[in-house]
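Worksheet: one structure, shown below.
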Amino acid sequence: MKLWQSKEQNDVDMDKIDVKRLPNHIAIIMDGNGRWAKERNLPRSMGHKAGAEALRKIVSECSNLGIKYLSVYVFSTENWIRPKEEVSFLMDLLVEYLVKELDELHRENVVINYIGDITKLPEKCQKNLKNSKNKTKDNTGLHLNLCINYGGRSEIVKSFKEIYAEIKLGNISIDDVDENMISDHLYTSGMPDPDIVIRPSGEYRLSNFLIWQCAYSEFWFSNIFWPDFRIEHLRRAILDYQKRDRRFGGV
């Protein structure tokens, strides 16, 4: 597995990318903010702020390229075990990001969506997420999925409970349950599954991210910490994706 580190390794001429074969859905695990800050003797909060700036640039590039869906792992159901000060900072940073970027994202025709159980978030976060979603709901460009208080296993449990409730009411039978029905009860209902999952920071795991949806996704790993992830790295991932032979179990 190749790991891409330097800018020189990652300069990708757009002429090399086939714009007719772009992935419809890119998913990113934004990892390495804390380690990025530690290497620079900075507080972890500075790593998260740098990570938010990296996200801004990647969202803009995906919008310019014409990518239809971008799902980013913002805060997992497991992240609540982090120190309270860090969790509080992350919640404030989310609000700051939405306030600062909403108008620009709206101008870029981006649709903002959230994935996860936001009822557990502070009221200010819920309010800004709902406002962002409502303001951009009629846009027709990139769909930006902010995965917040999200966990793949809890999402599947949610789907099963909803289906069971329908069975109990007699609306459907157990024989009606299939993969499509389960997918229809996930947060990503109506969206294509991710074509490629990008994870920087040198880790090689999904970390409970879109585990149902990523059954046939391609993976692209890098040892670059997320705050250092640039447009050239995104283009390299897309170029590598276009070289893959996706058979979906066939030959």
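The values are calculated or read from the model by the stated rules, or taken from the named source; none is laboratory data. Just so we're clear, the structure is a prediction, and the values are computed from it rather than from any experiment. All Cβ positions, even for glycine, are placed from backbone atoms using ideal geometry, and neighbour counts span all protein chains on display. Only protein heavy atoms, including side chains, enter the accessible area calculation; ligands, DNA and RNA are left aside. Shrake-Rupley method; radii C 1.70, N 1.55, O 1.52, S 1.80 Å.
Listed highest first by mean packing, meaning other Cβ atoms within 10 Å per residue, what order do 42-54, 171-183 come in?
42-54, 171-183
Accessible area of residue 157, 1.4 Å probe, to the nearest 10 Å²?
Solvent-accessible area, nearest 10 Å²: 70 Å².
Rank 241, 37, 119 by how far each Cα sits towards the positive end of the charge dipole of the chain (+1 on Lys, Arg Cβ; -1 on Asp, Glu Cβ) and give me just the farthest.
Checking the options against the dipole of the chain, the answer is 37.
Just the number, please: carbon plus sulfur as a percent of the accessible area of the stretch 121-251, 1.4 Å probe, no ligands or DNA/RNA counted.
About 49 percent, which is the carbon plus sulfur part of the accessible surface.
Rank by packing, highest mean first: peptides 26-32, 94-100, with packing defined as the count of other Cβ atoms within 10 Å averaged across residues.
Taking the mean over residues of other Cβ atoms within 10 Å, the ranking is 26-32, 94-100.
In the chain, if the dipole is taken from +1 on Lys/Arg beta carbons and -1 on Asp/Glu beta carbons about the Cα centre, which of 23, 149, 187 is farthest to the positive end?
Looking along the dipole axis, the top candidate is 149.
List the residues, sorted by chain then number, that are 5 or more residues from residue 71 or on another chain and whose placed amide H is less than 5 Å from its amide H.
Answer set, sorted by chain and number: 26, 27, 28, 145.
With a cap of 12 neighbouring Cβ atoms within 10 Å, and only residues DSSP puts in a loop, list the trypsin sites (Lys or Arg not before Pro) found in the stretch 136-166.
Sites meeting the loop and neighbour criteria: 137.
So how much accessible area does residue 150 have, in Å² to the nearest 10, using a 1.4 Å probe?
That residue has around 0 Å² of solvent-accessible surface.
Nearest 5 is fine: what % of DSSP beta bridges in the chain come out antiparallel, could you say?
Around 0 percent of the beta bridges assigned by DSSP in the chain are antiparallel ones.
Looking at the square roots a ≥ b ≥ c of the eigenvalues of the Cα gyration tensor of the stretch 204-251, which shape do they give, rounded for a/c under 1.5, prolate if a/b is larger than b/c, or oblate?
Since a/c reaches 1.5 but b/c is at least a/b, the shape of the stretch 204-251 is classed as oblate.
Taking a probe of 1.4 Å, how large is the accessible area per residue of the stretch 188-251, in Å²?
Result: 43 Å² per residue.
Longer than 28 Å from Cα to Cα, which of 68/127; 161/243; 135/243; 16/137; 49/127 are they? Say none if no pair is.
161/243; 135/243; 16/137
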